[in-house]
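K.L.:
Below is one structure. I have some questions about it.
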Amino acid sequence: MVKAKSIFNKVEAFAYSDECTSLQDVKNYNKTETYNKNVLDFMRRELRERNPTESVLEHHNILINALESYGKIRLFSDLTYKNIDGVR
């Protein structure tokens, strides 16, 4: 019963999220390929959904701005050693 409640809570949270726009999205909530999703959108969404302190928000925004300026890391699949090492 605990596992079923855990799954229900995950589906419910997804259904209320900005990512869910249709019943079909709910049916396929766990079948998305996260490595093809936008890293910066993910980071911004996570910041909105949490209640970060001012310093955490400031540090994350610095990272987001640096990644945007760098331009080679947009998708999760772009998170390779070569791309990360090139951020310097």
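Read the figures in this text as sums done on the coordinates, not as results from a lab. This structure is a prediction, so every number in the text was calculated from the model and none was measured. Glycine gets a Cβ as well: all are built from the backbone with ideal geometry, and neighbour counts include every protein chain shown.
K.L.:
Evaluate the Debye formula for the chain with equal point scatterers sitting on the alpha carbons, no solvent, and hand back log10 of I(q)/I(0) at q = 0.20 Å⁻¹, in q order, two decimals.
P.N.:
So the normalised log intensities work out to -1.03.
K.L.:
Taking the Cβ of R48 as the centre, find all other residues whose Cβ is under 14 Å away and add up their charges (Lys, Arg: +1; Asp, Glu: -1).
P.N.:
Taking every other residue near R48 into account, the sum is -2.
K.L.:
Compute the long axis of helix 54-70 from its Cα atoms, compare it with the longest principal axis of the Cα atoms of the chain, and write down the angle in degrees, 0 to 90, nearest 10.
P.N.:
That works out to roughly 70 degrees.
K.L.:
Here's something else I'd like to know. Sort 72-80, 17-25 by packing, meaning the average of other beta carbons within 10 Å per residue, with the highest value first.
P.N.:
On the way: 72-80: 14.4, 17-25: 11.3.
Output ranking for 72-80, 17-25: 72-80, 17-25.
K.L.:
Turning to a different aspect of this structure: Considering only A66, I84, L47, whose Cα is most displaced toward the positive end of the charge dipole of the range 33-88, charges sitting on Cβ of Lys, Arg (+1) and Asp, Glu (-1)?
P.N.:
Positive-most Cα among the choices belongs to I84.
K.L.:
If each residue of separation counts as 0.36 nm, what is the full-extension length gain between E12 and L63 once their alpha-carbon separation is subtracted?
P.N.:
15.3 nm
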